[in-house]
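Trainee: Just passing along the structure, written as structure tokens.
The values are calculated or read from the model by the stated rules, or taken from the named source; none is laboratory data. Just so it is clear, the model here is predicted, and its values are computed rather than measured. Heads up, the Cβs are rebuilt from the backbone with ideal geometry, glycines too, and the neighbour counts pull from every protein chain shown. Heads up: the accessible areas ignore ligands, DNA and RNA and are worked out on the full protein's heavy atoms, side chains in. Shrake-Rupley method; radii C 1.70, N 1.55, O 1.52, S 1.80 Å.
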Amino acid sequence: MITEQNGVFHIQTDQYSYLFCIDEYGVPEHLHFGAPVQTGDAEALRCRPGLGWGSNVLLKEGDTASCMDVLALEWSGSGRSDYRETPLEITGSASDFRYSGFEILEGSAVMTGGLPQAHGALETLHITMEQPGARLHLYYTAFPTALTRRTVLENTGDAPLTLGKLMSFSVDLPGSYTMATFNGSWIAEMRRTDTAVQESRVVNESLTGASSNRHNPGFLLYEAGATETGGRVYGFNLVYSGNHYASAQRSHQGLTRVMQGINPSHFAKKLAPGEDFETPEAVLCCSDEGFGGLSRRMHTFVTDHIIRPYWRNRPRPVKYNSWEGCMFDFNQHRLLDLADRAKDLGCELFVLDDGWFGARNNDKAGLGDYNVNTKKLPKGLEGLSDRIRAKGLQFGLWFEPESVNPDSDLYRAHPDWALTDDFYPVYGRNQLLLDLTKQEVRDYIVEKVSNILDSAKISYVKWDMNRHSIALGAKTHDFVLGLYEVLRRIFIPRPGILLESCSSGGNRFDLGMLCFSPQIWASDDTDPIERLAIQTGYSYLYPQSTWGSHVSATPHAQTLRTTPLSTRGNVAFFGCLGYELDLKHLLPIEVKEVKAQTAFYKRYREIFQYGTFSRHALGWQVSDGKTTLAGVFHGLVPAAPGYERLRLVGLDKDKTYRVTSLEQTIRVGQFGNLLKHVAPVSIDPNGQLLRLADRHISLPSGTEAMTVSGAALMSGILLRPQFRGTGYDQNQRTQGDFGSDLYIVEEIEA
Ligand code: GLA
């Protein structure tokens, strides 16, 4: 519900209250964002500067309460008595907008500038503010667990103006916070970094042209002492895929100004009289139940209001992707053989990745030429798709439509369609970006991709983008709008196609892309131990249904780390499961294990993909309220490991649960020399016999089975010990380095 009472605006759901008031100068003052409160609390929540702090510049001489610099503001100007960072810059002019009116709308105020928008809103508060020659619109849209804010600046004067900066929101939160940002690079996305917000500004931004794997647009602010289960945590994110900017800075008076929007660097927008500029929606979320509480609210928001309704809670297929297994080296025969194996293992979707078109035999040529390579696929895409679908698999295809190799027919025909730097071209992965600000380029992509999708009956598209560090200058924003137009035109008429976007993994993992693609390839890094950090990072802000997670070969291609197949599966279960390796080389024993994995995942798919996700001290859990699946993950095993306590969250303390663990095995080869001591015959640990046995024999690594109360599970139960070199039996977990367990916790009648 949104109300206005004596100049106090109150946006309230049963999860939060957001309050601000318009003061006697027409300046919006922030009052509260947090747990629900009463409108009548406004006065108690308001900053009272009293006689001020000295050196004040006042809106009205003699009124020390009119010093904007020491107030908690909902928006601010520049050059007009508030010297903190401004959310708005009009080049060559001060900005000092004052309140002029409001309206409350049902649902959302529809965005008109081409940006994607969250759907299914409750209500929207629209505030207008004016200064000579310009009007500013502040939009607040309420959703049950979060709200969005955005702004529009309108040139109401008779001369052009240049907009240097326009944030989606700015707000001053009373208190001190630490900012958690999610940073990284290729194959190392979403590493959480915590920085105390003090009087120097802390900035989280991208300048690569995309939202980037360097600094994800989502970030948190939390109070000292916040944990997974308690304490105040704010979460922010932007529905945008281009250069973003966010900052936080504490004032001397103890107010923390936080803002977020399009990065003002390389932005400058000229607005002719009558023109306006619309910013993306920013998402603001708050929880007093710690990081876990905040994540769950953000997850609900993304699932219910960002993901296209068709894909909301719709089961995602178990996929096989050809990339790591084949790279560019395949033909129809090889693909059909892989499809047979994938089907037999329990996969439901076969995805042909890069290399199927033009002269695309490596990453130096062919990008842009989406004509099937008939040397590799003599029956064409349609022929391949028909055969794969006849096996009972869905068929999916990779594209990278935003880029072009200079060595391609497309570039030779239209060199002017490629974006080059003003001075000389720069290449990333041997490719240039296409100029999506041009209508003819967008039309070409839409037509080309749509025709292929329709002709080959494609159920899934992997939409990649591997050209990084693009310096598009002032075109950056228009490029992003061009991309959204293309995605809208191709995929809105084809809602049943599952779109998974990708940008060398997670180089464009953001809410803008999620408005079109319900899942994103989270990282090119499929090493499960790296994925623990990567998926944990995403989990703060995005639900697990938004990331693709695959089991790949070991030793891993990027880390050379060897990990058990069980752990590769257990990690990939928490997300949209897939397999990405050469299935021909799976050992008989691995085939058996993968079959068991896909069957297990399918049995609990709804919970793995859409259950309530929580981080716990030893890993992750997902739950539908009745059944909880908890992963416990290990790194290097220490010698003589001690007791381990599993402490789950969100169970009913008065209910009784059956706890079992997923049956896992350990390959005999892992026991090496030890076998000599236990086997009846003498075994050479490097010999043929053991190698053969290792392909076919594995030993149970011990399973758990107990009945226990929710109270005990949330207080912490002790797990069976791990292998300590004192013998082998079923009462311990025998796993070795990078082992893991999967616990199934089911509510039972007491
Ligand atoms: C990128 C993607 C990979 C794969 C290759 C194909 O690197 O992230 O998953 O699709 O491109 O060239």
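Trainee: Could you run through the range 394-410 and say how many residues are more than 33 Å from the chain's Cα centre (by Cα) and more than 16 Å from the ligand (Cβ to nearest atom)?
Mentor: Of the residues in that region, 1 qualify.
Per-residue answers, yes or no, for (1) of a type outside the set (S, T, N, Q); (2) open to solvent by less than 50 Å² (accessible area, probe 1.4 Å); (3) modelled with pLDDT of 95 or more:
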{"site": "E228", "(1), (2), (3)": "yes, no, yes"}
{"site": "V239", "(1), (2), (3)": "yes, yes, yes"}
{"site": "N243", "(1), (2), (3)": "no, yes, yes"}
{"site": "M259", "(1), (2), (3)": "yes, yes, yes"}
{"site": "G274", "(1), (2), (3)": "yes, no, yes"}
{"site": "L294", "(1), (2), (3)": "yes, yes, yes"}
{"site": "Y310", "(1), (2), (3)": "yes, no, yes"}
{"site": "V318", "(1), (2), (3)": "yes, yes, yes"}
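Trainee: Does D344 satisfy the condition of being more than 16 Å from the ligand (Cβ to nearest atom) and more than 21 Å from A142 (Cα to Cα)?
Mentor: Judged against the criteria, D344 is a match.
Trainee: Consider G569 carefully, then state whether it is open to solvent by less than 10 Å² (accessible area, probe 1.4 Å) and free of Cβ contacts under 8 Å to residues at least 40 places away in the same chain.
Mentor: Yes: the conditions hold for G569.
Trainee: Tally the residues that are open to solvent by 10 Å² or more (accessible area, probe 1.4 Å) and within 12 Å of the ligand (Cβ to nearest atom), restricting the search to the range 350-365.
Mentor: 4
Trainee: Can you tell me which condition Y83 does not meet? The list is (1) over 17 Å from L138 (Cβ atoms); (2) assigned to a strand (DSSP E or B), and all the others hold.
Mentor: The number of the failed condition is (2).
Trainee: Considering only the range 687-710, state which residues are assigned by TED's automatic domain parsing to the domain that holds Y743, more than 19 Å from E663 (Cα to Cα) and among the aliphatic types (A, V, I, L, M).
Mentor: Across the range 687-710, the qualifying residue is only V708.
Trainee: Just name the residue that is farthest from the ligand (Cβ to nearest atom) out of those in the range 366-391 that are among the charged types (D, E, K, R) and in contact with a Phe, Trp or Tyr (Cβ under 7 Å, 6 or more places away or on another chain).
Mentor: Step one: of the range 366-391, the residues among the charged types (D, E, K, R) are 369, 375-376, 379, 382, 386-387, 389, 391.
If we keep only those that are in contact with a Phe, Trp or Tyr (Cβ under 7 Å, 6 or more places away or on another chain) as well, we get 369, 376, 389.
Numbers: D369: 15, K376: 15, R389: 22 Å.
Among those that are among the charged types (D, E, K, R) and in contact with a Phe, Trp or Tyr (Cβ under 7 Å, 6 or more places away or on another chain), it is R389.
Trainee: Just checking: which of the strands (runs of 3 or more DSSP E) contained wholly in the range 493-566 hold 2 or more residues that are more than 19 Å from W463 (Cα to Cα) and within 16 Å of the ligand (Cβ to nearest atom)?
Mentor: So the answer is 547-552.
Trainee: In the range 331-340, is there at least one residue being within 17 Å of W463 (Cβ to Cβ) and either buried (at least 17 other Cβ atoms within 10 Å of the Cβ) or of a type in the set (D, E) (or both)? Reasoning before the result, please.
Mentor: Here is the first cut: in the range 331-340, the ones within 17 Å of W463 (Cβ to Cβ) are none.
No, that holds for no residue.
Trainee: Considering only strands (runs of 3 or more DSSP E) fully contained in the range 162-205, which possess at least 2 residues that are surrounded by 16 or more Cβ atoms within 10 Å (Cβ to Cβ) and touching a Ser or Thr at 6+ places or on another chain (Cβ under 6 Å)?
Mentor: 178-185, 202-205
Trainee: Same structure, new question: Counting only residues that are of a type in the set (K, R) and under 22 Å from the mean Cα position of the chain (by Cα), how many does the range 132-159 have?
Mentor: The number of residues fulfilling the criteria is 2.
Trainee: Next up: Report the residue count in the range 245-257 for those that are more than 20 Å from P116 (Cα to Cα) and either open to solvent by less than 30 Å² (accessible area, probe 1.4 Å) or without any contact (Cβ under 8 Å) to a residue 12 or more places away in the chain (or both).
Mentor: Residues meeting the conditions: 7.
Trainee: I'm told T437 meets every condition in (1) crowded, with 19+ Cβ neighbours inside 10 Å; (2) hydroxyl-bearing (S, T, Y); (3) farther than 27 Å from G578 by Cβ except one. Can you identify the failing condition by its number?
Mentor: (1)
Trainee: Mind telling me which of the residues R494, R508 ends up being under 18 Å from W398 (Cα atoms), within 11 Å of the chain's Cα centre (by Cα) and either of a type in the set (K, R) or open to solvent by 10 Å² or more (accessible area, probe 1.4 Å) (or both)?
Mentor: R508
Trainee: I need the full set of residues from the range 58-90 which are farther than 23 Å from A248 by Cα and either in contact with a Cys (Cβ under 8 Å, 6 or more places away or on another chain) or not small (G, A, S) (or both), in order please.
Mentor: Across the range 58-90, the qualifying residues are L58, L59, K60, E61, D63, T64.
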